[in-house]
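For reference, the structure discussed in these notes is given below.
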């Protein structure tokens, strides 16, 4: 839906209000999981680069999935287990 101009404009116009609402609710101890998840999804959707390095490291550690770096080209794998 965010690819449609109508819905994209609504999201852009009301994002600050949703952020304010979530902030006030969190400070008051009122759970608003739907609003919180919605603004988090919106942020992840519109961000070109996200801080997923922890997730990449965990995947590499548990399954040798490899990872990419933002400062160098290539695919990397760290040798997590060293023999003593």
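What do you reckon, is residue 57 surrounded by 13 or more Cβ atoms within 10 Å (Cβ to Cβ) and either in contact with a strand residue (DSSP E or B) (Cβ under 8 Å, 6 or more places away or on another chain) or within 30 Å of residue 81 (Cβ to Cβ) (or both)? Judged against the criteria, residue 57 is a match. Scanning the stretch 66-84 for residues that are touching a helix residue (DSSP H, G or I) at 6+ places or on another chain (Cβ under 7 Å) and part of a loop (DSSP other than H, G, I, E, B) yields 66, 77, 78, 80. Taking the stretch 1-65 as the region of interest, the helices (runs of 4 or more DSSP H) fully inside it that hold 3 or more residues being outside the structural domain of residue 81 (by TED's automatic domain parsing) are 5-28, 33-46.
The values are calculated or read from the model by the stated rules, or taken from the named source; none is laboratory data. Remember, it's a predicted structure, so these values are computed and weren't measured experimentally. Cβ: placed from backbone, ideal geometry, glycine included. Neighbour counts: every protein chain shown.
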